[in-house]
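*Asks:* I'd like to ask you about the structure that follows.
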Amino acid sequence: MEELIGKSLFFGVAVSVVGYEAGLWIKKRVKSPLCNPLFISIAFVMVMLGIFRVDYDDYYEGGKYLSYLLTPATVCLAVPLYQQMELLKKNWAAVITAIASGVFSSLATVFIMSKLFGFTHEQYVTLLPKSITTAIGMGVSEKLEGIVTVTVVVIIITGILGNVIAEGVFKLFRIQNPIAKGLALGTSAHAIGTAKAMELGEIEGAMSSLSIVVSGILTVAAAPLFAGLL
Amino acid sequence: MKYMKQFGIIILIALAGEFLEKLLPLPVPGSIYGLGIMLALLMSGLLKVEAVKESADFLIEIMPLMFIPAAVGLLDSYHELEGIFLPLAAVVAVTTVVVMAVTGKCAQSMIRKGKKDTDMTQKKG
């Protein structure tokens, strides 16, 4: 049984899709922002791997085809962005200022907390690109001589956390404007936050997609300046 | 053959983005170059939205699924975080909330202010 499941190429994709569907189903019934479909699906897959004693590597043999689609999917984020271009042009000053302040607050918070916890320079620069999309963040971490594997882990955890807490944070801080929600998700939680923004609506999704690009570029420029602080 | 063509266009743009990533010495991933190419093609009118719309919508809709394999892989990487896990978790949690709140609040107040200004000038006019 375990052999049969572990060596099946479609097990990885199937268990992921079923887990996500289950997450959506639960979210519909339990209307709490804590019932996040992404979080539920990750937990579901982990439990299934445990029950059927499937190695992560075997799961990933099939699951990697989902990751493989990430590049074409990111390319497609240009479509909602294009469709909201008028809105973007009308609000460009607010959009740029908000993303820039988000990037600055990310770098500054990492700096303050690293100092507080007494992190080494290496640990500090590893965390600096934590809010931006994985591939750009890896590049920044590498250039600043951080620990790239840890950067990747921290970036993914940041994304999932952002995806899970977004609705709660918006309620707490009374953020109701769809443009503001999208910018907040993309700047704080990159592509994984954008997946949430897409669920919230087209404007949210478009603004979040834009934030991935702009916050990534701004971080590439600003992170080396912050790196010298500690 | 609508989906065949749509998917083909998207994959070709992803490929072009990958080429740029390999050719240019910047820490920018191919997917972001691809996003830029797609946006430029749409805005220039060389590519109509209808030529990619349904396939793009599909890929965006299933995008959350694409993060599951990497996230499940975090189980295997716990040893990399040994010893610094708690402070790291604190940094991640605090920073994420701060960035989300700052970005959202900043955008919201600027948009509202902008709206008020235009309303006022419209009323005056």
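*Asks:* Could you check, for segment A:29-39, whether at least one of its residues is of a type in the set (D, E, K, R) and under 30 Å from B:I32 (Cβ atoms)?
*Replies:* No: segment A:29-39 contains no residue that is of a type in the set (D, E, K, R) and under 30 Å from B:I32 (Cβ atoms).
*Asks:* Going by the conditions given, is B:G45 without any contact (Cβ under 8 Å) to a residue 12 or more places away in the chain and open to solvent by less than 80 Å² (accessible area, probe 1.4 Å)? Even if it seems obvious, please write down each step before you answer.
*Replies:* Values: without any contact (Cβ under 8 Å) to a residue 12 or more places away in the chain: yes; open to solvent by less than 80 Å² (accessible area, probe 1.4 Å): yes.
Answer is yes for this residue.
*Asks:* List every residue pair whose Cβ atoms lie under 7 Å apart, where the two residues are 6 or more positions apart in sequence or sit on different chains, the first residue falls within segment A:53-81 and is charged (D, E, K, R), and the second residue, located anywhere, is outside any helix (DSSP H, G or I).
*Replies:* Partner pairs satisfying both residue conditions: A:D58/A:K7; A:E61/A:L9.
*Asks:* Here is a check on your reading of the model: is A:V79 at the interface with chain B (Cβ under 7 Å from one of its Cβ atoms) and either part of a helix (DSSP H, G or I) or open to solvent by 20 Å² or more (accessible area, probe 1.4 Å) (or both)?
*Replies:* yes
*Asks:* Among the residues that make up segment B:62-74, is at least one of them open to solvent by 50 Å² or more (accessible area, probe 1.4 Å) and under 22 Å from the mean Cα position of the chain (by Cα)?
*Replies:* No, segment B:62-74 contains no residue that is open to solvent by 50 Å² or more (accessible area, probe 1.4 Å) and under 22 Å from the mean Cα position of the chain (by Cα).
*Asks:* Condition (residue is buried (at least 24 other Cβ atoms within 10 Å of the Cβ), closer than 24 Å to A:S41 by Cβ and among the small types (G, A, S)) applied to segment A:99-107: is it met by at least one residue?
*Replies:* Checked against the condition, which is being buried (at least 24 other Cβ atoms within 10 Å of the Cβ), closer than 24 Å to A:S41 by Cβ and among the small types (G, A, S), segment A:99-107 yields no hits at all.
*Asks:* Being in contact (Cβ under 8 Å) with a residue 60 or more places away in the chain and at the interface with another protein chain (Cβ under 7 Å from one of its Cβ atoms) is the filter here; which residues of segment A:167-184 pass it?
*Replies:* Hits for segment A:167-184 are A:I179, A:A180, A:L183, A:A184.
*Asks:* Also, I was wondering about something else. Just the residues that are assigned to a helix (DSSP H, G or I), under 28 Å from A:A195 (Cα atoms) and either of a type in the set (A, V, I, L, M) or without any contact (Cβ under 8 Å) to a residue 40 or more places away in the chain (or both), please, taken from segment A:114-136.
*Replies:* Passing the criteria: A:V125, A:T126, A:L127, A:A135, A:I136.
*Asks:* Which numbered condition in (1) open to solvent by less than 60 Å² (accessible area, probe 1.4 Å); (2) modelled with pLDDT of 95 or more; (3) within 10 Å of another protein chain (Cβ to nearest Cβ); (4) in a helix (DSSP H, G or I) is the only one that B:L15 fails?
*Replies:* B:L15 satisfies every listed condition except (1).
*Asks:* A further question on this structure: For segment A:134-156, give me each residue that is at the interface with another protein chain (Cβ under 7 Å from one of its Cβ atoms) and not basic (K, R).
*Replies:* Scanning segment A:134-156 gives A:A135, A:I136, A:G139, A:V140, A:T149, A:V150, A:V153, A:V154, A:I156.
*Asks:* Let me ask something else about it. Return the pair list, or none, for Cβ contacts closer than 6 Å from residues in segment B:70-82 that are closer than 12 Å to A:T149 by Cα to residues that are open to solvent by 60 Å² or more (accessible area, probe 1.4 Å), at least 6 apart or on different chains.
*Replies:* Close Cβ pairs satisfying both conditions: B:E80/A:T149.
*Asks:* Hey, any hits in segment A:135-146 for a residue that's modelled with pLDDT of 95 or more and at positive phi? Steps first, answer last, please.
*Replies:* In the first step, residues of segment A:135-146 are kept if they are modelled with pLDDT of 95 or more; the result is none.
Looking for residues that are modelled with pLDDT of 95 or more and at positive phi, one finds none in segment A:135-146, hence no.
*Asks:* Right, next: Exactly one of these conditions fails for A:T149: (1) of a type in the set (S, T, Y); (2) in a helix (DSSP H, G or I); (3) within 21 Å of B:P87 (Cα to Cα); (4) touching a residue at least 60 places away in the same chain (Cβ under 8 Å). Give me its number.
*Replies:* All conditions are met except number (4).
*Asks:* Working only within segment A:27-45, note down all residues that are open to solvent by 10 Å² or more (accessible area, probe 1.4 Å) and over 15 Å from A:E167 (Cβ atoms).
*Replies:* Residues satisfying the conditions are A:R29, A:I42, A:A43, A:F44.
The values are calculated or read from the model by the stated rules, or taken from the named source; none is laboratory data. For clarity, every value in this text was computed on a predicted model and none was experimentally measured. When we count neighbours, we look across all protein chains shown, and the Cβ atoms used for this are built from the backbone with ideal geometry, even at glycine. The accessibility values were calculated without ligands, DNA or RNA, using every heavy atom of the protein model including side chains. Shrake-Rupley method; radii C 1.70, N 1.55, O 1.52, S 1.80 Å.
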